[in-house]
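Student: Once you've had a glance at the structure underneath, I'll fire off some questions.
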Ligand code: DOR
Ligand code: ZN
């Protein structure tokens, strides 16, 4: 019988997470806190978290919802609008708990309607971010309905992000949840000030998963899954020990009935077993030796934070994933529901 491998890592962080609010926040937070030391918390609430004051209040609600004894640290973000002021960026910097500003192109995804229509109208704010070294986190998709949904990331990088990086030579950027070989090239060939997060689902699945045996809404997220050649490029980028590609789950819970709907919500829930899924992707690429850089070292280094001081262990095992979870009274269908995952996190 093959020996079961075990893996011990510096405790990882999640550099892109949706925690939502209210009962659902209370329900999903424990899943992330079990696996991760810290997380960059997305601001796309309703209404969005556009001020340091709103971020402080949200942070308090997160801390209040943590399981007793948890040392999990929420790293807050602000939602960029065309009305965000340079003064707000100064307050964010001074707060010590706001670590980044998130750009949602208006209409690109869930709760993005308050987002940005023309990034040039934010140039003063981008200059302030560049000045203080705070990263801009980018949902990199154009929203023009004339652009094919599978091309929206590539077109955004060329038409919107590249010019913005040229206008702001010191701006630091994380291209979030990249999905294409084009984005891998964009980040690899860019300067050190450009990094990217990768989700477990984009490392493990291509767009066929959306249609296997019928339409499968629990594989629908934005940016949408792409073809296999892109998935392979993402795996290659994540698994080579680069300091500029790091872990961001984009775990995005939506109630089961809103996913299984005529107009289903975008978002995949992976917070309950994210690390196990990433370990599976790295094991499949025979690159487990690079998982610690990706999950625990590259992100803190880009954000100017120390790595976590504790460790976690994973063991190779066959673990069943429930058909459905209940979180804060809401039914969620996690990625791999009813199937198995090849690793187990040891408590
Ligand atoms: O699939 C997604 N879900 N992509 C996003 O960009 C937002 C997220 C959400 O908030 O549900
Ligand atoms: Zn997201």
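Each value in this text was obtained by applying a stated rule to the coordinates, not by laboratory testing. Source: prediction; values computed, not measured. Virtual Cβ from ideal backbone geometry, glycine too; neighbours counted across all protein chains shown.
Student: Go through 133-141, 314-322 and give me the packing order, highest mean Cβ count within 10 Å leading.
Tutor: 133-141, 314-322
Student: Can you tell me the 0 to 90 degree angle between the C-alpha axis of helix 86-95 and the longest principal axis of the chain, rounded to 10?
Tutor: Orientation of helix 86-95: about 40 degrees from the principal axis.
Student: Next up: Between the stretch 225-272 and the stretch 285-305, what is the C-alpha centre distance in whole Å?
Tutor: 18 Å
Student: Roughly what angle does helix 274-284 make with the longest principal axis of the chain, taking Cα atoms, 0 to 90 degrees, to the nearest 10?
Tutor: Taking the Cα atoms of the chain, the angle to 274-284 is about 70 degrees.
Student: How high is the relative contact order of the stretch 1-154? Use alpha-carbon pairs under 8 Å, at least six apart in sequence, and give a whole percent.
Tutor: Worked out over the stretch 1-154, it gives 19 percent.
Student: Moving to a separate point now. Considering all alpha-carbon pairs of the stretch 31-136, what whole percent are spaced by more than 15 angstrom?
Tutor: More than 15 Å apart: 62 percent of the Cα pairs in the stretch 31-136.
Student: Could you work out how far helix 123-132 tilts from the main Cα principal axis of the chain, as a 0 to 90 degree angle to the nearest 10?
Tutor: Tilt of helix 123-132: around 70 degrees.
Student: What whole-number distance in Å separates the alpha-carbon centres of the stretch 22-66 and the stretch 128-201?
Tutor: 24 Å
Student: Report, in deg cm²/dmol and to the nearest 500, the calculated mean residue ellipticity at 222 nm for the chain, where each DSSP H run with n ≥ 4 adds -39500 (n - 2.57) and the sum is divided by the residue count.
Tutor: Rounded to the nearest 500, the figure is -8500 deg cm²/dmol.
Student: Separate question: Using 0.36 nm times the number of residues separating residue 120 and residue 159, minus their current alpha carbon distance, what extension gain do you get?
Tutor: Contour length minus Cα-Cα distance gives 12.9 nm.
Student: Turning to a different aspect of this structure: For the chain, I need the span (max minus min coordinate) of the C-alpha atoms along each principal axis, in Å, sorted largest to smallest.
Tutor: Here the spans come out as 61, 45, 41 Å, largest first.
Student: Another question, if that's okay. Enumerate the whole-percent occupancy of each 5 Å bin, from 0 to the last occupied one, for all C-alpha pair distances of the stretch 161-254.
Tutor: 3, 13, 24, 21, 17, 12, 6, 3, 1, 0
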